[in-house]
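Step one of this worksheet: look at the structure below.
The values are calculated or read from the model by the stated rules, or taken from the named source; none is laboratory data. Here the structure is a predicted model, which is why all the values come from computation and not from measurement. Methodologically, a virtual Cβ is constructed for each residue, glycine included, from the backbone with ideal geometry; neighbour enumeration extends over all protein chains shown.
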Amino acid sequence: MNKFKGIGVSAGYAVGTAVVVKEASYDLASATFTTSEEEKASLSRAVEIYTDDTNKLIEKMTKEAGKENADILLGHLVMLSDPFMLQQMQDQIEGGKPAVQAVDSVCQTFYDMFSSVEDEMMKQRASDIQDIRISLIEIISGVESTKIEEVPKGTILIAKDFTPSMTSRINRDNVVGIIAEVGSVTSHSAILARAIDMPAVLSLADATEILKDGDTLGIDGGKGYIYQNPDNDTVSELEKNRQAYLDEKSSLLEFFGKETVTKSGDKRLVYGNIGKPEDVQNVIQNSGEGVGLFRTEFLFMDRPALPSEEEQFEAYSTVAKAMGEKEVIIRTLDIGGDKDVPYLGIPKEDNPFLGFRAIRYCLSNTDLYKTQLRAIIRAANFGNIKIMIPMVTCVDEVEAVKKLISECELELAKEGVPFKENVEVGVMIETPAAVFIADDLAECAAFFSIGTNDLTGYVMAADRGNANVSNLYSVHKPAVLKAIKTTIETARRHGIPVGMCGEAAADRDLIPTLVEWGLDEFSVTPNSILATRKTISECE
């Protein structure tokens, strides 16, 4: 028996037979050019076939995993319908390239652009582009990869990368687990694997070479362990763990629709994080008590120009209406750093994480920022909206935002446009500076929200995407824990609520400590809401 370690991205246990997904092999260099008209027609037919096929997958995923997860595939169609992308392909065909080469070249350009940034959400776009590229090339060339839909029962699939369309094709009656050479906890393949409750381990280097067709495999999708040809004792242990996992998952239903209360009777709140208006349904379906983080930057991405005030108002009010009286915390535009929006023309920086990003960018582009603030305070009429400022390092930034909000209120009043006055403004505590001046910030902020992802990186001076320092990037490091405790104690001393919207909010090992210290609100991915509530209920 051999034992390997990858990244566990979808919890669960499985024992099955390995099927290695073989990618289609096509020699792009050998493609011959016919005429511009024929090559364009070939591209057009491929796009049409791909669109029809993807719509069928969207319908399948909607039934199996819900609309919010199926929308990942809808995003593929949105990207492919971008006139700029298609026009570039057609321009290359006009320049004498065969359709397959034009698709490969243009998709590679977009892939390089998205994969060059550190932000995981943007890297997902790179995977989506790769998915589109492979699909179009297969359709145009007529060469196919392994048919995932037709693998036998008890299969564990192994691939270099599970693109969203590949994951969506999985027949859950036949596939019991998936393994890939690349991917992370936040990749679209991981999100879809969790949505269909499929144990998955990603980032196992050379998996398609190490693991062979016909091998018996055991996987632990939570811890990321893979067992090649396991012995009887290991198989028995995996089966025992699988049953225990299913029993625990079933027990979570007991916490649906319940208040979050500790064993000692103290009330806490479990909220959900969202990136798009439609994500709010996932929070509701998991009985979240509010939205603790609405990442508004995703309204600005994957489009050629800024969203208008009306577009933003519609997005924010949609979420507010859906949540009713429950709190919706909207983080204002957190752009720059590793989140690049080409049409904004943000200059390239040697160290973007310490550069012109988030509130720093917004306060230097007040017309753009006021458009967003106007949309938010207008939408606040329809629910319990609060504003949260990212990347705060000094009190002046908070005061400047409040001044802009006052200007927006005066403008809207003059225009006769309804809005809500005195919307509460809070700050994200995600820099060491914010921790050090937490007392001063508490005097001017309505609430704190600890962003542990950035806070961990800044406190430990460690890039979470750098494997060489991954041992340092941990919320459990004493310095990070001290920063968190200091923030919570400061908020409680000043009588303001304090929440957490980083990944650590769902860390079962950390939750008891956070409860003990007095954290009021835990904002997690919607699928983690019930598990987080259960863990809190077991805390003294």
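Quick look at the values:
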quantity: Residue count for the range 166-187, restricted to those that are crowded, with 24+ Cβ neighbours inside 10 Å, under 15 Å from H76 (Cα atoms) and either within 17 Å of the chain's Cα centre (by Cα) or not polar (S, T, N, Q) (or both); calculated: 2
quantity: Check on E64, more than 23 Å from R133 (Cβ to Cβ), under 29 Å from the mean Cα position of the chain (by Cα), acidic (D, E) and not in a loop (DSSP other than H, G, I, E, B); calculated: yes
quantity: Residue check for I335: under 24 Å from the mean Cα position of the chain (by Cα) and either hydrophobic (A, V, I, L, M, F, W, C) or buried (at least 18 other Cβ atoms within 10 Å of the Cβ) (or both); calculated: yes
quantity: Filter pass, K153 being of a type in the set (D, E, K, R), at pLDDT 85 or above and either on the phi > 0 side of the Ramachandran plot or outside any strand (DSSP E or B) (or both); calculated: yes
quantity: Search result, residues across the range 268-294 that are touching a strand residue (DSSP E or B) at 6+ places or on another chain (Cβ under 6 Å) and surrounded by fewer than 20 Cβ atoms within 10 Å (Cβ to Cβ); calculated: G275
quantity: Pairs where the first residue, in the range 357-371, is loosely packed, with under 15 Cβ neighbours inside 10 Å and the second is assigned to a helix (DSSP H, G or I) and modelled with pLDDT of 95 or more, C-beta under 7 Å, 6+ apart; calculated: T366/L404
quantity: Residues (under 15 Å from P390 (Cα atoms) and among the aliphatic types (A, V, I, L, M)) located in the range 360-376; calculated: L363, L373
quantity: Single unsatisfied condition, D71 versus (1) of a type in the set (D, E); (2) within 30 Å of V280 (Cβ to Cβ); (3) surrounded by fewer than 16 Cβ atoms within 10 Å (Cβ to Cβ); calculated: (3)
quantity: Cross-chain or 6+ apart pairs with Cβ under 9 Å, the range 470-499 first and among the hydrophobic types (A, V, I, L, M, F, W, C), then surrounded by fewer than 13 Cβ atoms within 10 Å (Cβ to Cβ); calculated: L472/A461
quantity: Failed criterion for I196 (all others in (1) in the same structural domain as K212 (by TED's automatic domain parsing); (2) more than 16 Å from I226 (Cβ to Cβ); (3) modelled with pLDDT under 90; (4) over 20 Å from the mean Cα position of the chain (by Cα) hold); calculated: (4)
quantity: Any hit, the range 413-426, residues being surrounded by 18 or more Cβ atoms within 10 Å (Cβ to Cβ) and either touching a Gly at 6+ places or on another chain (Cβ under 6 Å) or free of Cβ contacts under 8 Å to residues at least 40 places away in the same chain (or both); calculated: yes
quantity: Whichever residue in the range 8-51 is among the hydrophobic types (A, V, I, L, M, F, W, C), modelled with pLDDT of 90 or more and part of a strand (DSSP E or B) and, among such residues, is nearest to I139 (Cα to Cα); calculated: V20
quantity: Wholly within the range 343-451, helices (runs of 4 or more DSSP H) carrying at least 2 residues that are β-branched (V, I, T); calculated: 366-379, 395-415
quantity: Every residue from the range 209-234 that is under 10 Å from M1 (Cβ atoms) and of a type in the set (V, I, T); calculated: T216, T234
quantity: Residues of the range 275-304 classified as among the basic types (K, R) and within 15 Å of the chain's Cα centre (by Cα), total; calculated: 2
quantity: Within the range 281-309, tally of residues that are without any contact (Cβ under 8 Å) to a residue 24 or more places away in the chain and part of a helix (DSSP H, G or I); calculated: 1
quantity: Criterion (of a type outside the set (D, E) and in contact with a Gly (Cβ under 6 Å, 6 or more places away or on another chain)) met by exactly one of V21, V47, V15; calculated: V15
quantity: Residue tally, condition of a type in the set (D, E, K, R) and free of Cβ contacts under 8 Å to residues at least 60 places away in the same chain, over the range 46-81; calculated: 5
quantity: One residue from K477, K402 being among the basic types (K, R), more than 22 Å from W517 (Cα to Cα), in the same structural domain as T366 (by TED's automatic domain parsing) and surrounded by 13 or more Cβ atoms within 10 Å (Cβ to Cβ); calculated: K402
quantity: Filter result for D220 (closer than 13 Å to I179 by Cα, in contact (Cβ under 8 Å) with a residue 24 or more places away in the chain, exposed (fewer than 12 other Cβ atoms within 10 Å of the Cβ) and not aliphatic (A, V, I, L, M)); calculated: no
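Residues checked against (1) under 24 Å from the mean Cα position of the chain (by Cα); (2) under 27 Å from A445 (Cα atoms); (3) hydroxyl-bearing (S, T, Y); (4) assigned to a loop (DSSP other than H, G, I, E, B):
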site: I488; (1), (2), (3), (4): no, yes, no, no
site: R493; (1), (2), (3), (4): no, yes, no, no
site: G499; (1), (2), (3), (4): yes, yes, no, no
site: A505; (1), (2), (3), (4): yes, yes, no, no
site: T513; (1), (2), (3), (4): no, yes, yes, no
site: N527; (1), (2), (3), (4): yes, no, no, no
site: E540; (1), (2), (3), (4): no, no, no, yes
